[in-house]
Amino acid sequence: MKIAIIGAGASGLFLANMLYGKYDFTIFNNGKIGRKILASGNGRCNIANNNLDVSKYHNNQLVNKLLVNKDKVFDEFKRLKIYLKEDSEGRLYPISESSLSILNILSKNVIDNIVDIKVTKIDKKNGKYIINNMYSGYDKVIVGVGSISSVVDKDIYKFLDGINVKFNDFKPSLVGFKVKNKIKAISGVRSKCNVSLFNGNKLVHSEDGEVIFKDDGISGICVMNLSSYYAHLNNINKPYIKIDLLNGNKYDNLESVINPKLLEYISKNNINPNDFRLDIIDTYGFENSQVSKGGIDINSLNDDLSIKSDPNMYFMGEVIDVDGICGGYNLFFAFLSAVTVFEGLK
């Protein structure tokens, strides 16, 4: 069996290692390989999480089906000699704390199978696939090109033209918010607090974490998690962020509780420290997002991640309309979907 893999990202490289020595395969990739692997965990590679749960994902009904293969992902980590350590919140990293370590492991055996080319067209003739009118004879095509987050190149999906599959529009997720409020005076301040996303008067999601104030907005892991819920809102209605700088507590003096720069700002502007509201203008966009909401509609897929219109074409990773919160969940989904495809090929 001859297989074409589109994309040398997390899912593509992981699948290639499972195929290595068993099948004839070619990986088609335009430019740098393993981009999201290198960026994960601020270069430390947050590869997975010990607190895996479908509630950490949107469109989680597909994740729920795929989690039957969870242990096989960790078995593959062991086979590849990827040794992990856990932090206090269950996030898993390589012991080296280097994303490059993971990319080196995943690429060393399959680097010679990578063709540096942008796929723009996939045809099918006599039951075989042809890539860009040049590379032919493939029995299976497996697509793992990721999303447009941090790339902003919608042309990477041009080859899907003519393929009978539903594609949902992308929206940036795991990204900071731009706000209407003038907060440049507290740019650079970090504050551990409770943050809540409201759409109109309806609470969407709330969690504790560190907020990072910027010239025109806010960021931080908890804020990015809120943005993933924001991306899934159907009707946006005067959205805002409520920040409780005191985490539900009351104090008769705030000098040792709130950052001095931030305390000066809220005092000058008569802001209630338990109810600091920031009106959302927008997110910081695809170029600053870690993942995207959108992609191949899960209802277009079979349980083995082949598409219903063509059981010899598969999709995996972030190109599927599944996204999760921060903490290694999105990278793990890429690996999980690769294992699912591999199991379907047997």
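No value in this document is a laboratory result; all are computed from the given coordinates. These numbers come from a predicted model, not from an experiment. All Cβ positions, glycine included, derive from the backbone under ideal geometry; neighbour counts span all protein chains shown.
Quick one: helix 10-19 against the long Cα principal axis of the chain, what's the angle to the nearest 10°, folded into 0 to 90?
The helix 10-19 is inclined about 30 degrees to the chain.
For the charge dipole of the chain, defined by +1 on Lys and Arg C-beta atoms and -1 on Asp and Glu C-beta atoms about the Cα centroid, which residue among 311, 51, 40 has the Cα displaced farthest towards the positive pole?
So the residue furthest toward the plus end is 311.
Give me the aspartates and glutamates in straight-line cross-link reach of residue 178: C-alpha distance below 17 Å, same-chain residues under 8 apart excluded.
Cross-link targets: 210, 215, 216, 279, 282, 287.
Among DSSP beta bridges whose residues both lie in the chain, state the antiparallel percentage, nearest 5. Show your work: numbers first, answer last.
Working: 49 of 65 bridges.
Antiparallel bridges make up about 75 percent of those DSSP assigns within the chain.
Relative to the longest principal Cα axis of the chain, at what angle does helix 329-345 sit, 0 to 90 degrees, rounded to 10?
20 degrees
At 0.36 nm per residue, minus the direct Cα-Cα distance, what do residue 20 and residue 75 gain on full extension? Give it in nm, one decimal, please.
Details: separation 55, 0.36 × 55 = 19.80 nm, distance 1.59 nm.
Between residue 20 and residue 75, full extension yields 18.2 nm more.
Taking the 0 to 90 degree range and rounding to the nearest ten, how far is the long axis of helix 221-231 tilted relative to the main principal axis of the chain, both from C-alpha atoms?
70 degrees
Note down the Stokes-Einstein diffusion coefficient of the chain in µm²/s, whole number, using a Kirkwood radius over alpha carbon pairs, 4 °C, and 1.567 mPa s.
Details: Rh = 21.4 Å.
D, rounded to a whole number, is 61 µm²/s.
I'd like to compare 204-217, 34-47: which one has the highest average count of other Cβ atoms within 10 Å, and what's the full order after that?
Working: 204-217: 17.4, 34-47: 19.4.
In decreasing order of mean packing, 204-217, 34-47 become 34-47, 204-217.
Taking the convex hull of the alpha carbon atoms in segment 83-154, what volume per residue do you get, in Å³?
Enclosed volume per residue, from the Cα hull, is 158 Å³.
What is the magnitude of the charge dipole of the chain about its Cα centre, with +1 placed on the Cβ of each Lys and Arg, -1 on the Cβ of each Asp and Glu, and no other charges, expressed in debye to the nearest 20? All intermediate terms of the calculation are to be shown ahead of the outcome.
Working: 43 positive and 38 negative charges, 87 e Å.
Here the chain has a charge dipole of around 420 debye.
Could you tell me, in Å, what Rg and Dmax come out for the Cα atoms of segment 200-346?
20.5, 67
If you project the alpha carbons of segment 121-164 onto the principal axes, what extent comes out on each, in Å, largest first?
That works out to 37, 21, 16 Å along the principal axes.
Order these peptides, 299-312, 9-22, 318-331, by their mean beta-carbon neighbour count within 10 angstrom, highest first.
Details: 299-312: 15.9, 9-22: 23.4, 318-331: 26.4.
In descending order of packing, they fall as 318-331, 9-22, 299-312.
Just to be sure I understand: with springs between alpha-carbon atoms less than 10 Å apart, which residue in 29, 235, 225 has the highest mean-square fluctuation in the Gaussian network model of the chain?
235
For segment 1-157, what does the equivalent ellipsoid look like in terms of its semi-axes, each the square root of 5 times an eigenvalue of the Cα gyration tensor, given largest first in whole Å?
Numbers: eigenvalues 162, 59, 55 Å².
Equivalent ellipsoid of segment 1-157: 28, 17, 17 Å, largest first.
At a 10 angstrom cut-off on C-beta neighbours, averaged per residue, how do the peptides 278-289, 119-130 rank from highest to lowest? Let's see the in-between values first.
Numbers: 278-289: 17.6, 119-130: 14.4.
Output ranking for 278-289, 119-130: 278-289, 119-130.
Would you mind checking the pairs 180/238; 128/308; 2/78; 214/261; 242/293 and listing those with alpha carbons more than 19 angstrom apart? Don't jump to the answer; show the numbers that get you there.
Values: 180/238 11 Å; 128/308 17 Å; 2/78 27 Å; 214/261 13 Å; 242/293 23 Å.
Checking Cα-Cα distances, 2/78; 242/293 exceed 19 Å.
Can you give the Rg to Rh ratio of segment 18-91, both from alpha-carbon atoms, with Rh computed by the Kirkwood formula? Mind showing how you got there, number by number?
On the way: Rg = 14.9 Å, Rh = 15.0 Å.
That ratio equals 0.99.
Determine by what factor the alpha-carbon radius of gyration of segment 84-219 differs from 2.2 N^0.38 Å, reporting the quotient. Don't skip to the answer; put the middle values down first.
Details: Rg = 22.1 Å, N = 136, 2.2 N^0.38 = 14.2 Å.
Relative to the 2.2 N^0.38 Å estimate, segment 84-219 comes out at 1.55.
Suppose a student asked you for the relative contact order of the chain, using Cα pairs under 8 Å spaced at least 6 residues apart; what percent would you report? Before the final figure, lay out the partial values.
Details: 737 pairs, mean separation 82.9, N = 346.
Dividing the mean separation by the residue count of the chain yields 24 percent.
Taking a quarter of the surface of the convex hull around the Cα atoms of segment 150-255, what do you get in nm²?
Working: hull surface 36.2 nm².
Its average projected convex-hull area is 9.1 nm².
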